[in-house]
Amino acid sequence: MEVIIQPSAEAVAKIAARMLARQLLENPASVLGLATGSTPLLLYRELIAMRLDWSRVTTFNLDEYVGLPRTHAQSYHSFMWKNLFRHINIARENIHIPDGMAEDIPKCCADYERRIRDAGGIDLQVLGIGTDGHIGFNEPTSSLASRTRIKTLAERTRRDNARFFGSEDAVPRHVITMGIGTIMEARLNLLLAFGENKARAIAEAVEGPVSSAHPASMLQMHPVVKVCLDEAAASRLQRIDYYRWVYANKPAWQAI
Ligand code: PGA
């Protein structure tokens with residue numbers, strides 16, 4: 001894991017945007033895994049401002065709420081169109097988001113996995129982290145080998161997301177999410193976290209034991225993970241001086 005600590009969320013978003021831009025320049029037909037929630041918003045704003053060519057890019061989103069129509073203001077379909085897709089030149093047919101209204105959810109999940117495989121796999125996956133350590137919507141005790149499937153949200157996640165829905169009761173209980181096994185097959189994982197309320201989850205993910213009790217800790221088993229944090233999200237890390245030194249002394253050929 002490479003831990004990159006920046007003074008502000010804006011500075012993190014700029015670095016993350018540069019990584020994505022480099023990916024698209026190196027391979028204009030890249031396959032990207034995308035995330036929703038508050039975390040990637042600044043990154044998407046940066047990417048829009050960069051005016052990159054998305055015409056050959058394929059995207060797969062991590063997750064979607066079950067039972068919300070696409071047009072619902074809080075569906076991840078709506079989120080992605082509002083915050084990224086309608087501002088870039090991506091082809092509609094290259095966009096993939098799980099269908100939360102699917103009648104046959106197991107089939108929908110199996111199809112999603114097949115589509116990722118058929119696209120050649122995900123080159124770069126953007127991840128946020130839940131306060132309970134979830135990635136995608138893989139809540140604690142999710143199988144570390146899991147694939148795209150239906151999950152039941154933990155109460156803590158429903159509480160965290162109540163801010164988007166007005167009340168906790170309105171937050172759906174079920175979601176479709178890529179599994180941890182799916183995320184582990186992305187060639188590069190880019191985990192972003194901002195704010196003090198993510199500090200514990202980040203410390204457990206980066207420095208804790210690998211455990212399904214902290215799903216993001218599985219990323220320790222992935223060969224190429226960049227963890228990009230603001231100071232507050234990094235504040236509970238034990239080896240913070242080491243991470244800072246590594247980043248400040250990167251050889252030129254490793255520059256981001
Ligand atoms: P957030 O959610 O970006 O809204 O904090 C992160 C997550 O649940 O993965």
In debye to the nearest 20, how big a dipole does region 2-231 give about its Cα centre with +1 on each Lys and Arg Cβ and -1 on each Asp and Glu Cβ?
440 debye
What number, in percent, do you get for the relative contact order of the chain if the mean sequence gap of Cα pairs under 8 Å and at least 6 apart is divided by its residue count?
25 percent
Calculated [θ] (222 nm, deg cm²/dmol) that DSSP helices of n ≥ 4 give over the chain, each run adding -39,500 (n - 2.57):
-10000 deg cm²/dmol
In percent, how large is the relative contact order of region 148-241, given Cα pairs closer than 8 Å and 6 or more residues apart?
28 percent
Nearest-10 value in Å² for the accessible area of R163, using the 1.4 Å probe:
150 Å²
Below 14 angstrom from the Cβ of A213, what's the summed charge of the other residues (Lys, Arg +1; Asp, Glu -1)?
-1
Just the accessible area for R117, please: 1.4 Å probe, Å², rounded to the nearest 10?
150 Å²
Hey, can you find the accessible area per residue of region 2-231 for me, probe 1.4 Å, expressed in square angstrom?
42 Å²
Pull up the cross-link candidates among the aspartates and glutamates for K250, meaning alpha carbon to alpha carbon under 18 Å and not fewer than 8 places away within one chain.
E2, D241
Which of rounded, prolate or oblate describes region 1-91 when judged by the alpha-carbon gyration tensor and an a/c cut-off of 1.5?
oblate
Region 39-120 - percent relative contact order, Cα under 8 Å, separation 6 or more
35 percent
Gain on full stretching of the segment that runs from M221 to D241 - 0.36 nm per residue minus C-alpha separation:
4.9 nm
Set Lys and Arg Cβ to +1 and Asp and Glu Cβ to -1, take the dipole of region 142-212 about its Cα centre, and tell me which of P209, G166, M178 lies farthest positive.
M178
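The values are calculated or read from the model by the stated rules, or taken from the named source; none is laboratory data. Remember, predicted model here, so these are calculated numbers, not experimental data. Heads up, the Cβs are rebuilt from the backbone with ideal geometry, glycines too, and the neighbour counts pull from every protein chain shown. Accessible surface areas use protein heavy atoms only, side chains included; no ligands, DNA or RNA. Shrake-Rupley method; radii C 1.70, N 1.55, O 1.52, S 1.80 Å.
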